Amino acid sequence: MPQGDKSKYTDKQKRQAEHIEDGYEKKGVSEKEAEARAWATVNKNDGGGKQPGGSDRKKADK
């Protein structure tokens, strides 16, 4: 996954980041910095992208 790719994030995480970014922009933070801070906050709270995978997936019968 290339750096900056947001495909592994859930819709909820994307909405949260957008809301956080809007709040920073209202405080006068630049758009680029607001986006970076918003995604850092989402990662801090949720630990990164949460698409299904890993231990949540059911294993196929062999």
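The values are calculated or read from the model by the stated rules, or taken from the named source; none is laboratory data. Just so it is clear, the model here is predicted, and its values are computed rather than measured. Using ideal geometry, Cβ is built from the backbone for each residue, glycine included, and neighbour counts are taken over all protein chains shown. Ligands, DNA and RNA are stripped out before the accessible areas are found, and what is left, the full protein with its side chains, is counted by its heavy atoms. Shrake-Rupley method; radii C 1.70, N 1.55, O 1.52, S 1.80 Å.
Across region 24-44, which residue is most open to solvent (accessible area, probe 1.4 Å) among those that are of a type outside the set (D, E, K, R) and touching a helix residue (DSSP H, G or I) at 6+ places or on another chain (Cβ under 8 Å)?
Across region 24-44, the extreme among qualifying residues is Tyr24.
Can you name the number of the only condition in (1) out of contact with any helix residue (DSSP H, G or I) (no Cβ under 9 Å at 6 or more places or on another chain); (2) at pLDDT 90 or above that Gln13 fails?
(1)
Please name all residue pairs, on different chains or six or more residues apart, with Cβ atoms under 8 Å, provided the first residue is in region 1-29 and is hydrophobic (A, V, I, L, M, F, W, C) and the second residue is open to solvent by 60 Å² or more (accessible area, probe 1.4 Å).
Pairs that qualify, where the first residue is hydrophobic (A, V, I, L, M, F, W, C) and the partner is open to solvent by 60 Å² or more (accessible area, probe 1.4 Å), are Met1/Ser7; Met1/Lys8; Ala17/Glu35; Ile20/Arg37; Val29/Arg37.
Filter region 3-14 down to the residues that are open to solvent by 80 Å² or more (accessible area, probe 1.4 Å) and either in a loop (DSSP other than H, G, I, E, B) or closer than 14 Å to Ala40 by Cα (or both) and list them by number.
Residues satisfying the conditions are Gln3, Lys8, Lys14.
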